[in-house]
Each structure stands twice: as structure tokens, then as C-alpha cells.
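A.B. asks: Sharing a structure, written as C-alpha cells. Questions coming.
The values are calculated or read from the model by the stated rules, or taken from the named source; none is laboratory data. Please read these numbers as outputs of a predicted model, since none were measured by experiment. FYI the Cβ positions are ideal-geometry reconstructions off the backbone, even for glycines, and counts take in every protein chain you see. Accessible surface areas use protein heavy atoms only, side chains included; no ligands, DNA or RNA. Shrake-Rupley method; radii C 1.70, N 1.55, O 1.52, S 1.80 Å.
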Amino acid sequence: MGRLQLFEVHDQSWCPRSLRDALTDFLQFTINLGGSYDAVVPLLRDAIARAGATRVMDLCSGAGGPWRRWAQQLRGHAPGFPVPVTLTDKYPNRGARREGLPFDPGPVDATAVPADLRGFRTIFTAFHHFRPAQARAILADAVQQRQGIGVFEISRRAPREIAVIALTWLAVLLFVPFIRPLRWSRLVWTYLPPVLPIVGLFDGIVSCLRTYSTAELRELSRGLDSYDWEIGEQRNGWSPLVVTYLVGVPKR
């Protein structure tokens with residue numbers, strides 16, 4: 001089945017900010033709880049070193065993606081990222097807890113990152129939001145500014161991933177009270193009525209249907225020949241989810 005350009009509720013300008021933040025809070029909570037992206041740490045660490053980057057600029061960060069989990073691990077000297085991380089987003093979730101990670105306060109467009117925000121660019125669980133022309137623009141902007149880039153997704157257009165993500169969003173009814181910091185707006189969206197589980201279920205399934213395959217990622221990077229591109233899939237231990245990745249660094 002080909003990629004479908006559908007819409008997600010929390011992408012829309014009419015989506016209330018408190019609901020959008022509740023969605024990104026829960027997504028971050030589940031990603032960190034399951035260590036969904038831990039398998040790509042060696043790949044990412046190597047790419048940052050090859051790019052010669054002195055900082056990571058995380059784009060489309062939402063509530064922080066896997067960086068909150070990794071920041072906690074860094075206190076125990078693992079996984080050993082050698083550079084600081086700055087989070088950015090077009091719709092910054094200012095109330096999220098980020099374990100001391102700096103968050104650029106302004107809206108940052110991933111297709112045209114300000115020149116002063118230099119560093120190796122990462123995008124977790126968000127690349128599928130962009131239409132092909134926009135996705136290509138994200139890669140081209142990194143190439144134009146000579147910044148390394150890594151794109152990582154745990155959703156795929158496959159029955160297993162759709163089923164797992166659908167069940168994860170149904171679990172929101174159980175897990176939301178344990179997400180910190182506690183916010184009353186998140187509880188209201190979850191239980192009075194259960195808008196968060198319904199919207200999360202819808203957006204989760206749509207995310208799978210919108211996710212780029214490895215072949216489509218290769219097509220998006222075609223012609224950007226001044227970079228070395230590494231594209232593939234990586235399973236994370238016991239997790240049923242597979243991480244699809246695209247990593248690009250300037251050729252030396």
C-alpha cells in the first residue's frame with residue numbers, strides 16, 4: 001500500500017494547544033517508557049561524530065521525544081552523546097518536563113531552520129507529518145547549511161505497527177495519571193469526555209499510513225549528492241516496533 005497523505009488532528013491550527021500538548025506529553029511518555037529509540041543510539045552517535053557537530057538541534061521536538069530518557073541516562077554516563085542538545089518545535093510545548101534540556105522558545109520551521117541554530121539535526125516521530133515536497137525541503141535545507149541530519153520513525157505502514165500503536169493509545173486511560181508534571185487539562189481531555197484517547201488513536205493510525213518507507217526515503221534524498229545517506233530499519237530488542245531511519249552527513 002502506498003503512502004497516504006491524510007491529516008492528523010493535532011497538526012491542525014484549530015486544535016486547542018492544551019490538547020496538542022497532552023498528545024505530545026503522552027507520546028513522549030510512551031517512547032521513554034519503552035525505550036523505543038534506544039537501538040539507534042550507536043548509529044546516531046557515530047553520525048554526529050562523522051559530521052563533526054558540536055551540538056544537536058532536535059526539530060519537531062514536541063515534549064522532547066527520546067532526549068528526556070537519554071538525558072537521564074547521561075547522568076550515569078550512558079549512552080555517551082558527546083555534545084549538548086537543544087530542542088525546538090514549530091508549536092513549542094512549553095509546559096513539558098525536559099530534564100534540564102534547553103528548548104528554543106520561538107517557533108522553528110524544520111523546512112527552513114534559522115542559520116544561527118547550527119548543529120546536527122534530529123527528527124523523531126515527526127517526519128511523516130510532512131508532504132513529500134516539504135520532507136525534501138527539510139533534507140535540502142540541512143544540505144544547504146552543511147548540517148548533519150537524522151530522521152527516525154517508529155510507525156510503519158504495516159499491520160503489526162498499526163495494531164501496537166492503536167493499543168498504546170487505548171492505554172492512555174491507564175497511564176495519563178502517572179505523567180509528570182501533572183496537568184488538569186490533560187486529565188480533562190482524557191476523562192471528561194475521553195477526547196485524548198480517541199484523537200490519539202486516530203492520529204496514531206494515520207501516522208502509520210503517512211510514514212515513509214525506506215524506498216521513499218531514498219527517493220527523497222536522490223540528487224543530494226554532496227551527502228552520504230544511510231537508510232534502513234533497526235529493531236529495538238524486545239520491542240515489536242521497528243525504527244526506520246535516514247541519516248545524512250556531508251561527504252568529506
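A.B. asks: Of all residues in the range 31-41, which are at pLDDT 85 or above, out of contact with any strand residue (DSSP E or B) (no Cβ under 9 Å at 6 or more places or on another chain) and open to solvent by 20 Å² or more (accessible area, probe 1.4 Å)?
C.D. replies: D38 - this is the single residue of the range 31-41 that is at pLDDT 85 or above, out of contact with any strand residue (DSSP E or B) (no Cβ under 9 Å at 6 or more places or on another chain) and open to solvent by 20 Å² or more (accessible area, probe 1.4 Å).
A.B. asks: Same structure, new question: Right, L44: farther than 18 Å from L87 by Cβ and either touching a residue at least 12 places away in the same chain (Cβ under 8 Å) or surrounded by 18 or more Cβ atoms within 10 Å (Cβ to Cβ) (or both) or not?
C.D. replies: no
A.B. asks: Quick check on my filter: what residues within the range 2-59 are among the charged types (D, E, K, R) and farther than 22 Å from A135 by Cα?
C.D. replies: Answer for the range 2-59, where residues must be among the charged types (D, E, K, R) and farther than 22 Å from A135 by Cα: R17, D21, D25, D38, R45, D46, R50, R55.
For (1) within 25 Å of G119 (Cα to Cα); (2) in contact with a Ser or Thr (Cβ under 8 Å, 6 or more places away or on another chain), each residue gets a yes or a no:
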site	(1), (2)
D141	yes, yes
R146	yes, no
G150	yes, yes
R157	no, yes
W229	yes, yes
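A.B. asks: Tally time: how many residues in the range 179-193 are surrounded by fewer than 15 Cβ atoms within 10 Å (Cβ to Cβ), more than 21 Å from the chain's Cα centre (by Cα) and not in a helix (DSSP H, G or I)?
C.D. replies: Summing the residues that are surrounded by fewer than 15 Cβ atoms within 10 Å (Cβ to Cβ), more than 21 Å from the chain's Cα centre (by Cα) and not in a helix (DSSP H, G or I) in the range 179-193 gives 3.
A.B. asks: Within the range 194-252, track down each residue that is surrounded by 17 or more Cβ atoms within 10 Å (Cβ to Cβ), free of Cβ contacts under 8 Å to residues at least 60 places away in the same chain and either farther than 20 Å from D46 by Cα or of a type in the set (A, V, I, L, M) (or both).
C.D. replies: P197, L201, G204, I205, C208, I231, listed by residue number.
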